[in-house]
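The structure appears right after this line, and notes come after that.
Nothing in this text is a laboratory measurement; each read-out follows from the coordinates by a stated rule. This is a predicted model, so every value here is computed, not measured. No Cβ is skipped: glycine too gets one built from the backbone with ideal geometry, and neighbour counts run over all protein chains shown.
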Amino acid sequence: MEKLATRIDWIGNSCRLLKETAAEFENTRPFEGLSIGTGIHLEPKTVALLLTLRAGGARLICTGNLNSTQPATVEFLRAQGITVFATQTTDPVAHHRSLEAVVAEKPDLLLDNGGDLFAIAAERPHANLLGGTEETTSGRTRLLPMRDKLAMPILVINDSPIKQFAENKHAVGQSLFESYMRFTNRSTNGKRVTVFGYGACGKGTAAAFRNAFSTVRVVDIDPVTSLEAHLDGFITPLREQAIRSADVIATVTGFPDIVTAADLPLIKDGAILMNGGHFPREIDVAAFRSHPDVAGIDRYEADHIETFHLKDGRSFHVLGGGHMANLAGPRPLGNSVESMDLGFTLQARCLERVAKHGVGAESCIVPVPADIDAMVASAYLDLAR
Ligand SMILES: NC(=O)c1ccc[n+]([C@@H]2O[C@H](COP(=O)([O-])OP(=O)(O)OC[C@H]3O[C@@H](n4cnc5c(N)ncnc54)[C@H](O)[C@@H]3O)[C@@H](O)[C@H]2O)c1
């Protein structure tokens, strides 16, 4: 019999660890009688996480993050009887209203992404709040100064080594490489690619392009990290030379102004610039748009590519307006399902630990407990064998 299946079905069926966890939770019901407030991107991969939590007995009250809510996902969750306050919005005031609505329901646990929900709870804590999880580094940084007010277990997923190597290293590299192909339909063979930043994300990006037959140069502001790149076999020229020679420039540092208007004289004719760092300010696209040396701009609206024509006859291209390229442009897919399956299984297990009072207030804004890392790693390896 043929069935019309959706992207949500495809992702759900691809999240093998979460499926296994959901099956276990249906028996153990770790969240029986508890509610979980969530503030994380509402897109198909998070649906797999949310349905796993619900399988464990949780009542879910959900909102998304700014700008990333997918209407089809909201519709799907509502059809499942899940409370969703989110709307697809770039308006911080409207977004804040949805966050407030989630906290007003007094959930027993919070699943946060960027510290939005815990920041509200720190100001107006409700008595039944047990604690929860925070997905990101930026959320950890934001919440650390509120540690005394929060005084409850909050486990930070990004600080798990699994998240670091499965997502930041391997998945970001693959998806940035995929995004270059998806945006441009250009080859990578024989291209000179310069990667700015050789942290976890930069390592994966440099490796993905090298594996695709590019010649990869790495620039990192830290000489020790540059040495590591050198010993890994990458060319590590000085910054100016690395820009001059690049057919493709990828920034993945997490810092602003990595490539700026001051670099316009260096950029090679035909170069393609893309960013993989969290904030859309590593490449100063706004300055390019208003620079007197720029004679004209072609906007490929449907493909999210801008071509900047310089007065001296050179031109270069920027993908996705300098936003994270793997989440921008036509049909952005983000990081691989497997990497998110691992990260979200860590989420589910950490929430289970907090729900069962397995960690106390001393575990406020701390990494994932090592035994949970080991349990999730073993489960993934068992499925892979
Ligand atoms: N696109 C995605 O899906 C995705 C996923 C995870 C993380 N990220 C983002 O990617 C960025 C990098 O993350 P990471 O985990 O690799 O960080 P990291 O801190 O491990 O590495 C950043 C590297 O950039 C280097 N650097 C800093 N300033 C520099 C400069 N001016 N020139 C050259 N190098 C410089 C640092 O020395 C460091 O080695 C962050 O913004 C992170 O939020 C994106």
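Could you compute Rg(Cα) / (2.2 N^0.38 Å) for the stretch 23-119, with N its residue count?
1.01
Rg and Dmax of the stretch 228-385, Cα atoms, in Å?
Over the stretch 228-385's Cα set, Rg and Dmax evaluate to 21.5, 66 Å.
Residues with amide H under 5 Å of GLU134's amide H, sequence separation 5 or more or different chain, H placed in the peptide plane at 1.01 Å from N; which?
For GLU134, whose amide H was placed from the backbone, the distant partners under 5 Å are ASP112, LEU155, VAL156, ILE157.
Ordered by packing density, taken as the mean number of other Cβ atoms within 10 Å over each peptide's residues, highest first, how do 91-100, 131-140 rank?
My ranking of the peptides, most packed first, is 131-140, 91-100.
Check which residues have an amide H placed less than 5 Å from SER35's amide H, if you skip close sequence neighbours.
For SER35, whose amide H was placed from the backbone, the distant partners under 5 Å are ARG59, ASP108, LEU109.
For the stretch 282-293, take each phi angle, set θ = phi - 60°, evaluate the Karplus expression 6.51 cos²θ - 1.76 cosθ + 1.60, and give the result in whole Hz per residue in order, putting x for glycine and proline.
6, 9, 7, 5, 4, 5, 4, 4, 10, 7, x, 7
Would you mind ranking LEU49, LEU144 so that the residue whose beta carbon has the fewest other beta carbons within 10 Å leads the list?
So the ranking, lowest neighbour count to highest, is LEU144, LEU49.
Could you list, in their original order, any pairs among LYS19/LYS45; LYS19/LYS106; LYS191/LYS311; LYS191/LYS268; LYS45/LYS356; LYS268/LYS311 whose Cα atoms are separated by more than 18 Å?
Over 18 Å Cα-Cα: LYS19/LYS106; LYS191/LYS311; LYS45/LYS356.
Set Lys and Arg Cβ to +1 and Asp and Glu Cβ to -1, take the dipole of the stretch 170-219 about its Cα centre, and tell me which of ASN211, GLY190, LEU176 lies farthest positive.
GLY190
Starting from 0.36 nm per residue, how many nanometres of slack lie between SER187 and ILE221 once their C-alpha separation is accounted for?
Taking 0.36 nm per residue and subtracting the Cα distance, the gain is 9.4 nm.
Please give the charge dipole size of the chain, origin at the Cα centre, charges +1 on K and R Cβ atoms and -1 on D and E Cβ atoms. Round to the nearest 20 debye.
Here the chain has a charge dipole of around 340 debye.
May I ask what percent, to the nearest 5, of DSSP beta bridges between residues of the chain are antiparallel?
The antiparallel fraction comes to roughly 20 percent.
Antiparallel as a % of all DSSP beta bridges within the stretch 166-327, to the nearest 5?
Here the share of antiparallel DSSP bridges comes out near 40 percent.
Choose one answer from GLU178, GLU306, GLU362: the residue with the largest mean-square fluctuation in a GNM of the chain with alpha-carbon springs under 10 Å.
In this elastic network of the chain, the residue with the biggest mean-square fluctuation among GLU178, GLU306, GLU362 is GLU362.
With springs only between Cα atoms under 10 Å apart, run a GNM on the chain and tell me which of LYS203, LYS163, LYS149 wobbles the most.
Looking only at LYS203, LYS163, LYS149, the biggest GNM fluctuation is shown by LYS149.
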